[in-house]
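So the structure is just underneath, and the comments pick up after that.
The values are calculated or read from the model by the stated rules, or taken from the named source; none is laboratory data. The model shown is predicted, which means the values in this text are computed figures rather than measured ones. Neighbour counts run over all protein chains shown; Cβ positions are idealised from the backbone, glycine included.
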Amino acid sequence: MKRLHWVILLALGCTEAPAVAPDAAADAAADAAADVALDVAEDARPPDPTPYMGPDDWCPGRDHCAGTGDNRLLVGVAREDITPTITETWEDRDMDGEFDEGEPFVDANGNMQFDGYWIAGFGHNRPARGVHDRLEVRALAFRYNDITVAWAVIDCVGYFINEMDLIRADPSLQGIGLDKVIISSTHVHEAVDTVGLWGVDFGTTGRIPSYMALVRQRTAAALRAAVMGARPVRMRVAQTQTVDAMGSTLDYVNDTRDPKLYDPTVTAVQFVDDAMPTRTVATWVNWAAHPEYTGSDNNELSADYVHWLRDTLENGLPGESIAGLGGTAVFVNGALGGQVGPGGGVHPRDRMGMAVSQSGFRKAELAGTNVARLTLQALQRDGMETREVAVSYRTAPIHAAVENIGYGIFYNQGIFDRELFNFNTRQPLSAMNRAWVRSRVTYLQVGPVAVITAPGELHPELWIGYDTRWSWGQTTLREMPNAPDLSMAPRPPYLRDLMLMNPGVRYAIVGGLTEDFLGYIVPSLNFVLHSGLPYLAEAPGDHYEETNSIGPGCEQYLHRPMMELARWRAPMQ
């Protein structure tokens, strides 16, 4: 781990340098002399890497994927349980949902410490006391001619690229013909912390190495099973929107950050067995909403609405004579940045029309069930079988500057288990000494469906643009401090437009929190930091998301490559 600088230590509350013992004076003098010599070599900061240089792989067209074969689409699917066994619980005497010093606990391993599984997504110190529904990793595999792509989705708040790379390197995934592995998180706020931010306190990571190893192992197992189980399929696609008869989305979802612009489209792709078309192999479904309908006052592990959405797609609603699809549903979240989710008056309704606005499992159940109901109806009513089933992809490495000093603290303290690079480790992190991260974006097309991955929480206006029809009858922009000037908004084409310009694409989606987890991707037009405590406090107005972003360059470093990759076309063979 890199040494902390005094600026960072002060930020963590340390006000004095450690004293040097007299008998260590000679060693300290020698170290100081060595440091001076090292400073000469290190004071010159490395040049910034190139943020985007285009794709480094694409199929068909590379040596490993000529694109030849029988032109049949094969799909496989698998799931693995990643729910931990909770062996240590505590007596929550003050009923605050937190573990407080002095509260009795079960010390199952005898180490005299409370070893909780910390729930990620809201505040610190939210240990799990039980399991409401199982956490899973689900994987889809697509094979077309000599191209094989597998996509795993993990029930967690976020997942870093370095963990993904460890999964890709798993021995079980070698030698099975995989060209590309894509990994996402559902961004559920009721699962085990896989990032580190939500431990017992600000200075302690919430990551548990044994659990991280379990997730890696189970994800690799799901990917392998999906690839090995691939079979010929037919493909049906349908889209609908979570909008009521009056044009409101509030029975399902809302956007609570101005400008109020968001995409409530549900896209569902059903793959049925080619030899037995009444049998569903898998359903791939995309919708955008933060999985936090259960709320922050919960200490049970859950996949939130995602659980009920998947379950209802598979098993239907027998009480309403709505049949499920069977098979395995794989959910990929969309452009959910800007607080697209359950806030701002969202009130899912039960079968009697009663609205549920209070956070809790009932709200999450109704949200997931109701979105699934719309999806099942859309597939039955509008589902269109497509004969165009070719698979192609292109993928590009990217580099992004990290200007959020809070992220720098977390990296250096070991809260995050992720590399920062290309900065002078002997100088404080600053605007003149920025750290960088590596990341990736990918375009995947399966028949008429194209997805662009976002390595974080993409603000929806970066997807759909600034047309007020995407406000769904609500005021797009309220009067408030630091409001954006929408007259300065960029003009079309927007990312969604570019995706639909690709040959054969009729359905375009965002794969949010995919290939990496780099926080909110906020438009430069509306990026405002607190003048005195940037990143540590919110600027007046509607600017929480900036505090959980890599910095003002997030659109440039993360969204622009998505735009460029959507435009890119493979060279003629």
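Brief remarks on what is shown
- Members of segment 243-269 that are touching a strand residue (DSSP E or B) at 6+ places or on another chain (Cβ under 6 Å) and either part of a loop (DSSP other than H, G, I, E, B) or surrounded by fewer than 19 Cβ atoms within 10 Å (Cβ to Cβ) (or both): Asp251, Tyr262, Pro264
- Qualifying positions in segment 312-358 - of a type in the set (A, V, I, L, M, F, W, C) and under 24 Å from Ile182 (Cβ atoms): Leu313, Leu325, Ala329, Val330, Phe331, Val332, Ala335, Leu336, Val340
- Residue match in segment 270-284 (condition: closer than 30 Å to Leu536 by Cβ and surrounded by fewer than 21 Cβ atoms within 10 Å (Cβ to Cβ)): no
- Tally, over segment 434-470, of residues that are small (Gly, Ala, Ser) and under 17 Å from Gly334 (Cα atoms): 4
- One residue from Val200, Val149, Val188 being buried (at least 23 other Cβ atoms within 10 Å of the Cβ) and either farther than 30 Å from Gln380 by Cβ or in contact with a strand residue (DSSP E or B) (Cβ under 7 Å, 6 or more places away or on another chain) (or both): Val149
- Taken over segment 47-96, residues that are of a type outside the set (Val, Ile, Thr), out of contact with any helix residue (DSSP H, G or I) (no Cβ under 6 Å at 6 or more places or on another chain) and assigned to a loop (DSSP other than H, G, I, E, B) amount to 24.
- Some residue of segment 474-495 being at positive phi and buried (at least 23 other Cβ atoms within 10 Å of the Cβ): no
- Counted residues, segment 283-319 - those being in contact with a helix residue (DSSP H, G or I) (Cβ under 6 Å, 6 or more places away or on another chain) and charged (D, E, K, R): 1
- Search result, residues across segment 284-304 that are aromatic (Phe, Trp, Tyr) and in contact with a strand residue (DSSP E or B) (Cβ under 6 Å, 6 or more places away or on another chain): Trp284, Trp287
- Which listed residue is under 23 Å from the mean Cα position of the chain (by Cα), surrounded by 16 or more Cβ atoms within 10 Å (Cβ to Cβ), farther than 25 Å from Val188 by Cβ and not hydroxyl-bearing (Ser, Thr, Tyr), from Ala401, Ala367, Ala372, Ala390: Ala401
- Check on Ser296, under 22 Å from the mean Cα position of the chain (by Cα) and either part of a loop (DSSP other than H, G, I, E, B) or hydroxyl-bearing (Ser, Thr, Tyr) (or both): yes
- Tally, over segment 313-348, of residues that are more than 19 Å from Ala238 (Cβ to Cβ) and either under 27 Å from the mean Cα position of the chain (by Cα) or hydroxyl-bearing (Ser, Thr, Tyr) (or both): 15
- Residue check, Leu533 without any contact (Cβ under 8 Å) to a residue 24 or more places away in the chain, over 18 Å from Ala289 (Cα atoms) and out of contact with any strand residue (DSSP E or B) (no Cβ under 8 Å at 6 or more places or on another chain): yes
Quick grid of which residues meet (1) out of contact with any Lys or Arg (no Cβ under 7 Å at 6 or more places or on another chain); (2) hydrophobic (A, V, I, L, M, F, W, C); (3) farther than 28 Å from Leu462 by Cβ; (4) modelled with pLDDT under 95:
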residue: Glu314; (1), (2), (3), (4): yes, no, yes, no
residue: Asn333; (1), (2), (3), (4): yes, no, no, no
residue: Val340; (1), (2), (3), (4): yes, yes, no, no
residue: Gly345; (1), (2), (3), (4): yes, no, no, no
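- Assessment of segment 500-521 against the conditions (under 21 Å from Pro552 (Cβ atoms) and more than 20 Å from the chain's Cα centre (by Cα)) yields no matching residue.
- Selection within segment 452-472: residues that are assigned to a helix (DSSP H, G or I) and not aliphatic (A, V, I, L, M). The member of this set that is surrounded by the most Cβ atoms within 10 Å (Cβ to Cβ) is Glu461.
- Checked against the criterion of being surrounded by 21 or more Cβ atoms within 10 Å (Cβ to Cβ), β-branched (Val, Ile, Thr) and assigned to a loop (DSSP other than H, G, I, E, B), segment 510-525 contains one or more residues that satisfy it.
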